[in-house]
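Quick notes on the structure that follows.
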Amino acid sequence: MTRTPAIDAGALNAADRKIYDAIAGPRGGMGGPFAAWFVVPEIAGHVNTLVNRLRYESKLDPRIYELITLIVAHEWSAEFVWRAHAKAALKAGVSAQALDAIERGGAPQFTQADERVTYDFVHSLLTGHKVDDALYARASECLGTAALVEIVTVAGYYSMNAMINKAFDVG
């Protein structure tokens with residue numbers, strides 16, 4: 001049961017209604033983490049802008065994007081995020097074996113270097129709260145600095161998503 005109040009779209013002022021429509025329209029409603037973020041409509045609007053940039057304008061291969069979401073989902077025990085992205089990850093080309101290993105907390109085997117280094121990089125950030133110089137050099141050489149910025153931002157967004165789901169019981 002969610003810890004946030006129900007949203008009465010008909011009672012919103014014009015500015016809040018515009019934010020509500022921008023979020024709820026494409027999603028078919030205001031659920032999940034956006035139900036909590038919308039308690040402060042301006043935050044919900046800014047988060048929506050960020051997630052739209054990350055999801056629809058990313059330079060990352062969709063396979064890498066979805067891999068990041070599942071690494072974060074596992075580390076945060078975020079079932080809502082896992083359910084929302086597991087099928088997309090498979091469709092994008094992440095192997096079922098890698099997903100199974102991540103879900104079990106095991107060490108996934110990857111055949112592609114970009115998947116291996118993405119996993120190592122994100123896993124290091126989430127579990128050790130740092131990236132050592134050797135891993136950074138490997139990731140930078142394989143993916144480039146711009147991709148690493150996007151990778152960290154995607155991991156940060158889905159960590160925030162997991163936190164809001166857990167704090168407000170919306171996931």
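Derivation of every value follows stated rules applied to the coordinates shown; laboratory data play no part. Here the structure is a predicted model, which means the values were calculated and not measured. Virtual Cβ from ideal backbone geometry, glycine too; neighbours counted across all protein chains shown.
Some notes on this structure:
- Computed from backbone phi, the HN-Hα couplings of segment 111-126 come to 9, 10, 4, 5, 5, 4, 6, 5, 4, 4, 5, 5, 4, 4, 4, 6 Hz, rounded to whole numbers (Karplus: 6.51 cos²θ - 1.76 cosθ + 1.60, θ = phi - 60°; Gly and Pro given as x).
- Applying both filters, DSSP loop and at most 11 other Cβ atoms within 10 Å, to the GluC sites (Glu not before Pro) of segment 11-78 gives Glu57.
- Residue by residue, segment 31-46 carries 3J(HN,Hα) couplings of x, x, x, 5, 4, 7, 4, 6, 4, 10, x, 5, 5, 4, x, 5 Hz when phi is fed to the Karplus relation 6.51 cos²θ - 1.76 cosθ + 1.60 (θ = phi - 60°); x denotes Gly or Pro.
- The long axis of helix 79-92 is offset from the longest Cα principal axis of the chain by roughly 60 degrees.
- Charged side chains reduced to their Cβ positions (Lys and Arg at +1, Asp and Glu at -1) give segment 62-168 a dipole of some 300 debye around its Cα centre.
- Karplus 3J(HN,Hα) series, Hz, for segment 52-62 with 6.51 cos²θ - 1.76 cosθ + 1.60 (x for Gly, Pro): 5, 5, 5, 7, 10, 10, 5, 8, 6, 4, x
- Fewest neighbouring Cβ atoms within 10 Å first, the residues Phe38, Phe110 line up as Phe110, Phe38.
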